[in-house]
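Asker: I'd like to ask some things about the structure below.
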Amino acid sequence: MGLTIHYNGKFNPSSSLKDMIEEVKDIAEIYNWKYHIYETEFPVNSLGKEIYDGKIYGIHIIPPNCEPLYLTFLSSGRMANEIGLKLWGNATDSKEKSFLFMLFTKTQFGGSEIHKLIIHLLKYLKEKYFAELNVVDEGKYWETGDERLLDKIFERYNRFFDAVETALNTIPLNQNESYEDYFKRILKIINKKK
């Protein structure tokens, strides 16, 4: 739970994966963000195919206090990450298989400035390297570019987390109360105070 950017997409066959990796690596180094590079070249004629070779291509970066931003792909050119590949790479059910292509990055604890940087990076990469990039931004910055709205949404999330932390520190677990019932009770108290 926390403010998150959800995304999925496909690499543009006429773009260079190596160039994208190099640009993203340079950005990560400028901001002193950690990164990891995977395979750097797609196999010949693999983009757009349904099958994939089980390897990950691209780069992920880790902005401070955020989950990784996966700019990674299967050999088919569809966005995926190593975790999804392990969990859903061999799925046969179409609903389960769709989870393979659902990526997200939680930015809640990185703050609005990091969130904005990630969105600007995604917009830049979309134009230069993606055939398709779909983004759902819980901060609404992708859709609106409205910094005030983003700050308000961050503030709302932070107030909620502060309220939950206060409740956990001040409301004890009752004897024989399950954790599920305990959390339901805390959420009811928080909602009443709103």
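Asker: If a residue has to be within 16 Å of the chain's Cα centre (by Cα) and either under 18 Å from residue 7 (Cβ atoms) or open to solvent by less than 50 Å² (accessible area, probe 1.4 Å) (or both) to count, how many in the range 37-77 make the cut?
Answerer: Residues in the range 37-77 being within 16 Å of the chain's Cα centre (by Cα) and either under 18 Å from residue 7 (Cβ atoms) or open to solvent by less than 50 Å² (accessible area, probe 1.4 Å) (or both): 14 in total.
Asker: For the range 69-80, check the following and say yes or no: at least one residue is among the charged types (D, E, K, R) and out of contact with any Lys or Arg (no Cβ under 8 Å at 6 or more places or on another chain).
Answerer: Checked the range 69-80: no residue is among the charged types (D, E, K, R) and out of contact with any Lys or Arg (no Cβ under 8 Å at 6 or more places or on another chain).
Asker: Taking only the range 17-36 into account, find how many residues are assigned to a loop (DSSP other than H, G, I, E, B) and open to solvent by 40 Å² or more (accessible area, probe 1.4 Å).
Answerer: 2
Asker: Which one is modelled with the highest pLDDT, of the residues in the range 165-181 that are out of contact with any helix residue (DSSP H, G or I) (no Cβ under 7 Å at 6 or more places or on another chain) and among the β-branched types (Val, Ile, Thr)?
Answerer: Taking the candidates together, the pick is 170.
Asker: Counting only residues that are at pLDDT below 95 and touching a Phe, Trp or Tyr at 6+ places or on another chain (Cβ under 7 Å), which one in the range 88-110 is farthest from residue 30 (Cα to Cα)?
Answerer: Selected residue: 96.
Conditions tested, residue by residue: (1) in a loop (DSSP other than H, G, I, E, B); (2) free of Cβ contacts under 8 Å to residues at least 24 places away in the same chain.
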| residue | (1), (2) |
| --- | --- |
| 5 | no, no |
| 8 | no, no |
| 47 | yes, no |
| 54 | yes, no |
| 72 | no, no |
| 83 | no, yes |
| 91 | yes, yes |
| 110 | yes, no |
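Asker: Then there is this: Only one residue in 189, 119 is in contact with a strand residue (DSSP E or B) (Cβ under 8 Å, 6 or more places away or on another chain) and assigned to a helix (DSSP H, G or I), so which one is that?
Answerer: 119
Asker: Looking at the range 132-153, which of the residues that are under 30 Å from residue 76 (Cα atoms) and assigned to a helix (DSSP H, G or I) is least open to solvent (accessible area, probe 1.4 Å)?
Answerer: Per the stated criteria, the residue is 141.
The values are calculated or read from the model by the stated rules, or taken from the named source; none is laboratory data. As the structure is a prediction and not an experimental result, all values here were calculated from the model. All Cβ positions, even for glycine, are placed from backbone atoms using ideal geometry, and neighbour counts span all protein chains on display. Side chains included, ligands, DNA and RNA excluded: accessible areas come from the protein's heavy atoms. Shrake-Rupley method; radii C 1.70, N 1.55, O 1.52, S 1.80 Å.
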